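The values are calculated or read from the model by the stated rules, or taken from the named source; none is laboratory data. Since this is a predicted model, take the numbers as computed values, not measurements. Glycine gets a Cβ as well: all are built from the backbone with ideal geometry, and neighbour counts include every protein chain shown.
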């Protein structure tokens with residue numbers, strides 16, 4: 001009987017987790033993560049305004065995923081890789097060094113982007129503390145400035161205005177329109193919603209990003225503009241300017257492009273290194289790094305299995321525009337935007353009874369065990 005191959009998945013965020021689940025039946029899989037759970041970078045607006053709702057779907061301990069039962073998960077910060085020896089190195093929270101050998105390596109370490117996406121080692125208690133601190137900071141503010149024109153900024157403005165209708169919320173963005181990577185119809189629709197919610201819209205404002213700003217924390221310092229407008233001030237300033245930095249400082253420079261992202265072929269392979277793949281926001285597939293959102297996990301899992309079996313690999317095709325849900329699950333359901341600009345709404349009952357339990361938890365994740373009764377993130381218990 002042939003020996004099972006070993007796959008190391010470096011990074012168990014949204015994409016790495018799904019890749020590990022897909023590979024678990026076909027290889028011995030080791031997943032390395034700085035967190036003890038899936039801690040998604042999605043839906044920042046819901047995370048800040050309704051953290052209990054967000055935690056239910058986006059902060060899930062690894063032992064609740066049935067699809068990870070065959071995966072050995074290791075909590076550690078990645079420190080290096082020896083490609084010749086096919087070994088990944090890391091360090092656990094107690095300082096213990098780890099070394100994991102591989103036949104195939106999936107690099108899915110994502111990006112650092114603000115206080116909500118960091119590669120640092122964290123316990124469940126520390127994650128919970130961070131969630132409630134950000135929520136409390138915004139909850140206690142009478143006025144909030146959101147800086148940025150991408151999905152995270154727009155979603156944050158919509159969700160905060162929906163949750164706290166009495167707050168003064170202003171959205172500042174550099175171009176005449178926001179959501180430039182989406183179809184123009186989508187911004188037109190979201191702009192109407194923001195206006196109905198009373199959010200102040202301020203196009204043509206490009207922020208001066210100083211040390212300590214740019215997403216590292218929620219601040220209360222006035223925002224300066226390089227476009228000539230007078231400074232703007234509020235009780236809380238949320239920076240969501242899309243200043244993403246790849247989590248690749250553990251990798252050799254030869255694997256990276258000029259911006260620090262992992263260079264890949266159309267098959268998501270790292271050039272010149274057989275059995276090494278990259279997927280998700282860390283992979284330089286296209287300007288939008290869209291393998292993070294377009295079944296890149298399925299493709300990389302297929303190609304690893306195909307390589308082991310000597311079969312032909314498939315190629316990744318990036319869409320021209322971003323698409324999907326922008327503001328997350330709302331009281332009236334979930335609105336999904338298509339690349340063509342059209343939208344359809346899934347009613348609330350279908351989201352709660354069909355989409356989340358059947359499509360997401362059973363279909364995508366291969367089953368998620370029920371947790372104890374949901375506790376508020378004000379507790380330090382950790383799990384959702």
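Is it true that some residue in the range 343-358 is out of contact with any helix residue (DSSP H, G or I) (no Cβ under 9 Å at 6 or more places or on another chain), in a loop (DSSP other than H, G, I, E, B) and surrounded by fewer than 19 Cβ atoms within 10 Å (Cβ to Cβ)? The answer is yes; a qualifying residue exists. Tell me the residue from 128, 95, 67, 80 that is in a strand (DSSP E or B) and either farther than 26 Å from residue 332 by Cα or in contact with a helix residue (DSSP H, G or I) (Cβ under 8 Å, 6 or more places away or on another chain) (or both), please. Of 128, 95, 67, 80, the one residue that is in a strand (DSSP E or B) and either farther than 26 Å from residue 332 by Cα or in contact with a helix residue (DSSP H, G or I) (Cβ under 8 Å, 6 or more places away or on another chain) (or both) is 80. Please give the number of the condition residue 307 fails out of (1) within 21 Å of residue 14 (Cβ to Cβ); (2) in the same structural domain as residue 20 (by TED's automatic domain parsing). Failed condition: (1). The set of residues in the range 38-57 being in a helix (DSSP H, G or I) and closer than 16 Å to residue 327 by Cβ consists of 44, 45, 46, 47, 48, 49, 51, 53, 54, 57. Residue count for the range 282-308, restricted to those that are at pLDDT below 95 and either out of contact with any strand residue (DSSP E or B) (no Cβ under 7 Å at 6 or more places or on another chain) or within 21 Å of residue 178 (Cα to Cα) (or both): 11. For the range 159-193, a residue qualifies if it is crowded, with 18+ Cβ neighbours inside 10 Å and either part of a loop (DSSP other than H, G, I, E, B) or within 19 Å of the chain's Cα centre (by Cα) (or both), and the qualifying residues are 159, 167, 173, 174, 178, 179, 182, 183. Among the candidates 328, 333, 367, the residue that is modelled with pLDDT of 90 or more, at positive phi and within 20 Å of the chain's Cα centre (by Cα) is uniquely 328. For the range 309-322, filtering for residues that are closer than 15 Å to residue 25 by Cα and crowded, with 18+ Cβ neighbours inside 10 Å leaves 0.
For the range 266-288, filtering for residues that are free of Cβ contacts under 8 Å to residues at least 40 places away in the same chain and within 22 Å of the chain's Cα centre (by Cα) leaves 4. Looking only at residues in the range 303-342 that are without any contact (Cβ under 8 Å) to a residue 60 or more places away in the chain and in a helix (DSSP H, G or I), the one that is farthest from residue 257 (Cα to Cα) is 309.
Say we look at the range 146-158 and pick out the residues that are closer than 22 Å to residue 320 by Cβ and touching a helix residue (DSSP H, G or I) at 6+ places or on another chain (Cβ under 7 Å); which of these is surrounded by the fewest Cβ atoms within 10 Å (Cβ to Cβ)? That would be 155.
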